[in-house]
1. Looking at segment B:237-260 only, could you name the residues that are within 24 Å of B:PRO119 (Cα to Cα) and without any contact (Cβ under 8 Å) to a residue 40 or more places away in the chain?
2. So which of B:ALA401, B:ALA418, B:ALA439 ends up being assigned to a helix (DSSP H, G or I) and touching a residue at least 24 places away in the same chain (Cβ under 8 Å)?
3. Mind checking which pairs have a first residue in segment A:185-204 that is over 14 Å from A:GLN168 (Cα atoms) and a second that is modelled with pLDDT under 95, Cβ under 6 Å, 6 or more apart or different chains?
4. Restricting attention to segment B:62-82, which residues are at the interface with chain A (Cβ under 8 Å from one of its Cβ atoms) and in a strand (DSSP E or B)?
5. Looking at this structure, is B:ARG33 under 25 Å from the mean Cα position of the chain (by Cα), within 14 Å of chain A (Cβ to nearest Cβ) and free of Cβ contacts under 8 Å to residues at least 24 places away in the same chain?
6. Does B:GLY26 fit the bill of being farther than 30 Å from A:LEU205 by Cβ, facing another protein chain (nearest Cβ under 10 Å) and either touching a strand residue (DSSP E or B) at 6+ places or on another chain (Cβ under 7 Å) or surrounded by fewer than 16 Cβ atoms within 10 Å (Cβ to Cβ) (or both)?
7. Would you say B:LYS402 is surrounded by fewer than 18 Cβ atoms within 10 Å (Cβ to Cβ) and under 20 Å from B:ALA361 (Cα atoms)?
8. How about segment A:155-168: which of its residues are within 13 Å of chain B (Cβ to nearest Cβ) and over 14 Å from A:PRO204 (Cα atoms)?
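The values are calculated or read from the model by the stated rules, or taken from the named source; none is laboratory data. Everything quoted here is computed from the prediction, not taken from an experiment. When we count neighbours, we look across all protein chains shown, and the Cβ atoms used for this are built from the backbone with ideal geometry, even at glycine.
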Amino acid sequence: MQIRPAIVAVGRTKFGEHYEKEPEKLIEEAWLKASQEADIERRDLEACYLSDYFLPITNKFGLEEGFLSELTELHVPMEVTRSFSSALSNACNAIQAGRYGMVLVGGIEKMTDRWDKIRDDLMLLEDPWSYYAGCTPEANHELMLRAYIRKYGIKGENIEKLNIALAQVSFKNHLHATKNEYAQYQRKITVEQVLSARKEARKPLGLYDFAPISDGATALILANEDVARKLTSKPVYVLGSSSATDYLTFPARDELTHFLVSEMAMKNALKMAEISLWDIQILELYDQSTVMEMISLEDLGFCKRGKSWVTIHENCKDYKGYYEIDGKRLFVNMNGGLKADGNPLGATGGAQIFEVFKQLRGEAGERQAKSDEEPMYGCILELEGFGTKGYVYIFGRD
Amino acid sequence: MSSEPIERRVSFLGDRLKGRRCQFCGKEYFEVRDYCGACGRKSFGKMVDMDLFYEKGKLEVCTFTSEPTNKFTKLGSYIYGIVSFHDGKIRVPGRLTDRIVRCNEEIDFSALEGREVTPRFRRRYSVDKSDVIPTISLTFTFVDEYYPHQEYTIVKPNKEYEAAGIVGYGVYTSRFRIKEGSIERSVPFVDEDAITAAVEAGKLALIHSGIDSSLIGKIYAGSESNPYAVKPIASKVAQVLKLGEECEDVQGVDAVDTEFACKAATSMFKDAASLVSYPKSNINCAMVIGTDNSQAAPRDCPGGELDLFVGYGGCAYIFGKQDVIAEIEGWYSCTSDTPDFWRRDGETYPMHGGRFTGDPAYFKHIRNATEKLMERLNLSVDDVKYFVAHQPNVQFPVRIAKELGFKEEQYLPSLQVAKFGNTYSASSPVGLAAVLDIAKPEERILIVSYGSGAGSDAYSIITTNQILDKRQRQKLTVGYQAENPFLEYVDYTTYRRLKLGM
């Protein structure tokens, strides 16, 4: 890679319910934090890459670029995509091509303004045919779990263990979020709470298995390596990035127990970064549900197919702050994951990168991954739809 | 959904579950695709049409939904899952229908998964009263419960008859009942209405007849509970059942709705029979459907007396001249302007004239039509094996049968009102079907309908030898639906909720 894109600063808002704030205010807040950190001015930005999944629907917000131009008095090129990862992808391409030296990547979502219709919107956008058949945003996660149990012949006592392992994922992520001042839920929950919510709902997964709907914004400053070094002594480089796509309709895919997109994107990102899987210590997964964290560990190659729940179960019995797999420490969802940190779709990827950035620079405070050697590499997985798109980024430091 | 073009596209594919198969590698796709993803350009334009409408699937995995998205809230709770067809070659999302999940019911998913299901044509979800009603067949029921899977096998006709007659029929009622006193009445599930019953009945009639659906040149749908004031039921039936020659997305069939209270369907029997007999009509077969989600105001409101008798169901007859199971010997119809039952435009429920619906209405017209027909055909009561009358309640058809001189063995077999309630346009047609289900060859059946407003159609029908050949093709007989171990009985509140629909 001739020009390495590097992150010089990150910023974000707290995730949660921001009824009182316009969407523009949220992105402003995230951008100001990032620019302050990098000590740059608006005019230093040569372009903006923004993402929101469905602001035009939730906030009747068209041409987001225009709102942002008004707000910032910037008239630079701006492009809007649906996920933070896809915005970052465009930004990286531009930096690598040598077109720009420094750009803003931002993500924003305001979901609570439309809380009453949000599940219909989410489902219809995820897959119209499933929506027409009666699917809910939660149902596909539950069907994937059912398919997983059937495919791997998990029976009796092991089903019990698997269910507990999934509850532990939620417990663990909430535990992490207690140390994250930006998280939507900065409180602990118990495995029993997760289990009893499922029982109450009479479903394979319950309230505590799913990420919430959230408002929030995230931003980062991306620059080419030379510019980055002038602004910070600790740039975080984008070493590997890849994405993949799959059918919209989950039932129509060949495989119901994992996401092809995650597997493919990870493989290509690793190749590009020229590191091995186990060089990665910091991992931010897209845990829209606890099942997602479980299958993503397999999709990305950290656990064998059909076995990740065993790893989770063994590690969470007496949770030490990381998953230990084959003697290696893997710090997963240190910010609390989507479950506890929150999931404002278009901004979520930015929060995942925020966490990796902080961890790699040793600036995560109480959340800092505790390992013998300081982590060199971090990785994020972001998804759009129910595994319709998958993005993997691998970040590293000097 | 508020976009009519999207609605058209979704229902065009989803009502019939249309798909395509690659003739090179055999890969199958739900939705109409012009090329195969695996075979690429060489497959362009060479994909084979297929549909899953008459197929049997398997519920692969499922989950429970108690908090559906907004448009599904009237369904309350339901089982949702993934259904596969053709040994897993094709998989679709699907909802189990005809199932009331009780609030304390334990759900064992593994007991449901792996079981065989069949697609059912239903309302998709709720919309505003002024919107187009969305439908779909991504709704399923288990084949080992109320509604068995039946293949639709087209049989080449081998016998031509001189007179037109019935070549096939189908009766559809739901699996829900309300039982009050000695009367049981069929209750639609919440996603059913007059349109879905019409499609079901037509489907069953095609299965029974064994004729190619493209041979049907005209479809009449008689109803007084069409959820639309303007938009025919018949066009939906024609499209979903692929009646007439198909040309791209248009069916070569004439489709029309008819209305004359409870005789909207029977009135058209003669038109259908005449049409297929006219040498230049170029119409081989015609289908007549009577379908109603019989309307009645709640019990404490004006017109609420009807609420004790109304049922739900559809009944379809196919008329033609080949492989006839019952020939039409003759008919007589009569009409007078008698206002005994009516529903004004824009009103939800009908009104009726109390005692006035009896002697000057029902009895007068049925008696007139029956006597005139028997006189015309020179028949005595003993020449008739079975007598079928319109059945608004149990008393009326029994009294008129007795008055006309018929004995119990002649009129009781057709008496179905105590099983299904008054199915309005489908009432006397269901009675006829009950008799055709058991009749032997060469037996004469007299059917006399009654429609308020008012009029009667009387037909004399004589069964042929072929009635026995075709009988085995139909599992969903009237008797099967009346006495079924999977019937589910609901209370009055549930009945009103289900009847109101989505």
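1. Keep residues of segment B:237-260 that are within 24 Å of B:PRO119 (Cα to Cα), which gives B:237-246, B:248-251.
Of everything in segment B:237-260, those that are within 24 Å of B:PRO119 (Cα to Cα) and without any contact (Cβ under 8 Å) to a residue 40 or more places away in the chain turn out to be B:ALA238, B:GLY244, B:GLU245, B:GLU246, B:GLU248, B:VAL250, B:GLN251.
2. Values: B:ALA401 fails: touching a residue at least 24 places away in the same chain (Cβ under 8 Å); B:ALA439 fails: assigned to a helix (DSSP H, G or I).
None of the others qualify; the one that does is B:ALA418.
3. A:ARG202/B:ILE107
4. Restricting attention to segment B:62-82, the residues satisfying the condition of being at the interface with chain A (Cβ under 8 Å from one of its Cβ atoms) are B:62-72, B:75, B:78, B:80-82.
B:CYS62, B:THR63, B:PHE64, B:THR65, B:TYR78, B:TYR80, B:GLY81, B:ILE82, listed by residue number.
5. Details: under 25 Å from the mean Cα position of the chain (by Cα): no; within 14 Å of chain A (Cβ to nearest Cβ): yes; free of Cβ contacts under 8 Å to residues at least 24 places away in the same chain: yes.
No: the conditions fail for B:ARG33.
6. Details: farther than 30 Å from A:LEU205 by Cβ: yes; facing another protein chain (nearest Cβ under 10 Å): no; either touching a strand residue (DSSP E or B) at 6+ places or on another chain (Cβ under 7 Å) or surrounded by fewer than 16 Cβ atoms within 10 Å (Cβ to Cβ) (or both): yes.
The answer is no for B:GLY26.
7. Working: surrounded by fewer than 18 Cβ atoms within 10 Å (Cβ to Cβ): yes; under 20 Å from B:ALA361 (Cα atoms): yes.
Against the criterion (surrounded by fewer than 18 Cβ atoms within 10 Å (Cβ to Cβ) and under 20 Å from B:ALA361 (Cα atoms)), B:LYS402 qualifies.
8. Answer for segment A:155-168, where residues must be within 13 Å of chain B (Cβ to nearest Cβ) and over 14 Å from A:PRO204 (Cα atoms): A:LYS155, A:GLY156.
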